[in-house]
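To keep things clear, I will list the structure first and then write my remarks on it.
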Amino acid sequence: MKHLIRLAVILGIVAGATTAEAQLFYIGLRGGAGIPTGSFTDSAGGTAENRFLAGAKTGFGYGLDLGVNLGPLGVYAGFDKIKFDCEEQVCPAETNYKLQGVSAGLRVSVPFFPLVKPWAKAGVTFNELEADFTGGGSSPQFSTERTPGYEIGAGLDIPLARIFSLTPQVRYIGQKLDYRIPGVTTGNTTEKAANYYTFDLGLRFRSPL
């Protein structure tokens, strides 16, 4: 959350350096499905080390977006929290992956549509993930380091009223997370991909600054 506050301060500085007529501040909440892909979904067997960051299944989460549009180009920051289920062949009963992190980047909108406005965005992410492989223990068996990744996404702004809009969107997050489990993994850290898509529906409040 400290990272998100810092990103918000940066956005405020950028907004303050631009004329008020060109600015449009927005903040929104969203929720939807997180769909893992690639090796994150593998039914990994073999050594105990191979079981980690594998077997992920579709989960659900929520997030926060805020940003400033400077004409068709804008800057944004975001927060995500998603819980992915895990296959029983890989994980102990009722185990899931809990991912959270922040993001920041650039957003481009298409202003020539009168009502529905398409947009696309790309940015950097800083996510961390934890899971409990102890079969119901009170603390996580492992957690990853907060590692940089990237996201690309696209969506629509559909006005509901003068200051509100619906924002259906899809994103792809690509990342490799570093983790170390004493007594299980070898070396200092192990790096493994944990990529996923999100399909979200959001409600956004927008207001000129």
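The values are calculated or read from the model by the stated rules, or taken from the named source; none is laboratory data. In this text the structure is predicted, and so the values were computed from the model without any measurement. With ideal geometry, Cβ positions are generated from the backbone for all residues, glycine too; neighbour counts draw on all protein chains shown.
Some observations on this one:
- Annotation note: of LEU29, LEU73, LEU24, LEU64, the sole residue that is touching a Leu at 6+ places or on another chain (Cβ under 8 Å), modelled with pLDDT of 95 or more, surrounded by fewer than 19 Cβ atoms within 10 Å (Cβ to Cβ) and more than 22 Å from GLN175 (Cβ to Cβ) is LEU29.
- Selected residue (criterion: farthest from the chain's Cα centre (by Cα)) from residues of the range 88-97 that are under 17 Å from ALA193 (Cα atoms) and surrounded by fewer than 22 Cβ atoms within 10 Å (Cβ to Cβ): VAL90
- Candidate set from the range 155-166 (those that are aliphatic (A, V, I, L, M) and loosely packed, with under 14 Cβ neighbours inside 10 Å); member that is nearest to GLY101 (Cα to Cα): ILE163
- Close pairs from the range 34-61: first modelled with pLDDT under 65, partner in a loop (DSSP other than H, G, I, E, B) and hydroxyl-bearing (Ser, Thr, Tyr), Cβ under 9 Å, at least 6 apart: ALA48/THR185; GLU49/THR185; GLU49/THR186
- Test: residue in the range 146-166 that is farther than 12 Å from LEU201 by Cα, at pLDDT 90 or above, under 19 Å from the mean Cα position of the chain (by Cα) and of a type in the set (Ser, Thr, Tyr): yes
- Residue satisfying all of: in the range 179-201; under 24 Å from the mean Cα position of the chain (by Cα) and within 11 Å of PHE52 (Cα to Cα); modelled with the lowest pLDDT among these: ARG180
- Checking each residue in the range 54-89 for being over 20 Å from VAL108 (Cβ atoms), part of a strand (DSSP E or B) and polar (S, T, N, Q) picks out only THR58.
- Selection of the range 108-133 for residues being closer than 21 Å to VAL75 by Cβ and either assigned to a loop (DSSP other than H, G, I, E, B) or among the polar types (S, T, N, Q) (or both) yields SER109, VAL110, PRO111, THR125, ASN127.
- Any hit, the range 98-105, residues being modelled with pLDDT under 95 and surrounded by fewer than 17 Cβ atoms within 10 Å (Cβ to Cβ): no
- Residue in the range 111-132 that is in contact with a helix residue (DSSP H, G or I) (Cβ under 6 Å, 6 or more places away or on another chain) and within 27 Å of SER43 (Cβ to Cβ) present: no
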